[in-house]
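Presented below is the structure to which this report refers.
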Amino acid sequence: MNQGVTITADLHSHTDVSHGRDAPEAMLAAARAAGLAFFGISEHSVLPPPYVCRLYRRDMAKRMPGLLDRLERRRDSAEAPRLLMGMELDWTPDQPEYMREVAASRPFDYVIGSIHHLDGRLSIGNPAAWPCSESEADARFRRYYALMTDMVCSGLVHIASHPDFIKLNCHALFRRWITQPRNLACVRPALLAMKRRGVAMEVSSAGLRRPFAEAYPGPEIMALAADVGVEICFGSDAHAAAEVAGNFPELAAYARGFGHTRSVVFIRGDRHILPL
């Protein structure tokens, strides 16, 4: 592992089964080369109709069972890093039974909850949905964090991923919004729910690969999470082998700057503490 790296678990990654660029074997080899102790492959859940993601491969639903079968067989291997079988659950609040069935469909080590759509199936990641007016953005941001609170309280997820993913295509607009105390207060219920329900907040290096070069979440939410006492975990959200454990030295320093001295990893749903 590169000198100075103290993050030993990368719990968020994708393969060429969904919309990653490399095969699972290449992702695992990259995790081994990075010196990780734990590496999680956490493919997206298959979206229920009529939800769609233009990035997902058309044969994703067909290939997913084979991938999960391989992960189940491989994860008990003594070979380093320890492979974990996660899943990134796309939060679709109008179809709660579907989400429950998906989360219970396999003995996942952990389930990552992610909000990629707002009501009306507005895709947060679609650049065409942004920019928008300040008033519309305010409504979207508030709804995003209300959905996050509901997701955390559902009992379906172990990790809340990239907690300000909504800034992806509107970073300047979001920065103006989140720096206002009355707006940051909208985030607090979600973080309190994480603390109460034992859900970890993901600190992700994925944002460092974006033009805005800011980790998920940004500093205001990191400070609030530290104040609330939320546990954290780490992920790269890698979509290629070259991105596994990407920017982890910087991410470790970032987390330590807010007083974090440990992170968590989930194995068969049980929380384990790792020093940072």
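The values are calculated or read from the model by the stated rules, or taken from the named source; none is laboratory data. Remember, it's a predicted structure, so these values are computed and weren't measured experimentally. Neighbour counts are summed over all protein chains in view; Cβ atoms, including those assigned to glycine, are modelled from backbone coordinates with ideal geometry.
Is there any pair linking a residue in the range 127-146 that is touching a residue at least 12 places away in the same chain (Cβ under 8 Å) and of a type in the set (Asp, Glu) to one that is surrounded by 15 or more Cβ atoms within 10 Å (Cβ to Cβ) and in a helix (DSSP H, G or I), with Cβ under 8 Å and at least six apart or on different chains, and which?
Close Cβ pairs satisfying both conditions: 134/173; 138/177; 138/183.
Scan the range 226-239 residue by residue and report those that are surrounded by 12 or more Cβ atoms within 10 Å (Cβ to Cβ) and either at pLDDT below 95 or more than 16 Å from the chain's Cα centre (by Cα) (or both).
Of everything in the range 226-239, those that are surrounded by 12 or more Cβ atoms within 10 Å (Cβ to Cβ) and either at pLDDT below 95 or more than 16 Å from the chain's Cα centre (by Cα) (or both) turn out to be 226, 227, 228.
Looking at residue 6, is it assigned to a loop (DSSP other than H, G, I, E, B), touching a Pro at 6+ places or on another chain (Cβ under 6 Å) and under 24 Å from residue 248 (Cα atoms)?
Spelling it out, it is not the case that residue 6 is assigned to a loop (DSSP other than H, G, I, E, B), touching a Pro at 6+ places or on another chain (Cβ under 6 Å) and under 24 Å from residue 248 (Cα atoms).
Out of the residues in the range 55-79 that are in contact with a helix residue (DSSP H, G or I) (Cβ under 9 Å, 6 or more places away or on another chain) and assigned to a helix (DSSP H, G or I), state the one that is nearest to residue 40 (Cα to Cα).
Per the criteria, the residue is 71.
Output yes when any residue across the range 68-87 is touching a Phe, Trp or Tyr at 6+ places or on another chain (Cβ under 9 Å), among the basic types (Lys, Arg) and over 30 Å from residue 166 (Cβ atoms), and no when none is.
Yes; the residues of the range 68-87 include at least one that is touching a Phe, Trp or Tyr at 6+ places or on another chain (Cβ under 9 Å), among the basic types (Lys, Arg) and over 30 Å from residue 166 (Cβ atoms).
For the range 213-252, which positions are within 21 Å of residue 157 (Cα to Cα), touching a Phe, Trp or Tyr at 6+ places or on another chain (Cβ under 7 Å) and part of a helix (DSSP H, G or I)?
222, 226
If only one of 196, 209, 188 is among the charged types (D, E, K, R) and free of Cβ contacts under 8 Å to residues at least 24 places away in the same chain, which one is it?
196
Can you pull out every residue in the range 169-187 that is assigned to a loop (DSSP other than H, G, I, E, B) and touching a helix residue (DSSP H, G or I) at 6+ places or on another chain (Cβ under 8 Å)?
Those that are assigned to a loop (DSSP other than H, G, I, E, B) and touching a helix residue (DSSP H, G or I) at 6+ places or on another chain (Cβ under 8 Å): 169, 170, 179, 186, 187.
Only one of 56, 98, 110 is of a type in the set (Phe, Trp, Tyr), over 16 Å from the mean Cα position of the chain (by Cα), farther than 30 Å from residue 176 by Cα and at pLDDT 95 or above. Can you tell me which? It would help to see each step written out before you state the result.
Numbers: 56 fails: at pLDDT 95 or above; 110 fails: over 16 Å from the mean Cα position of the chain (by Cα).
When all the criteria are applied, what remains is 98.
Run residue 128 past the list (1) within 17 Å of the chain's Cα centre (by Cα); (2) surrounded by fewer than 13 Cβ atoms within 10 Å (Cβ to Cβ); (3) of a type outside the set (D, E, K, R); (4) part of a helix (DSSP H, G or I) and report the number of the one that doesn't hold.
For residue 128, the exception is condition (1).
Name every residue in the range 82-102 that is buried (at least 19 other Cβ atoms within 10 Å of the Cβ) and not acidic (Asp, Glu), in order of residue number.
82, 83, 84, 85, 86, 87, 89, 91, 99, 102
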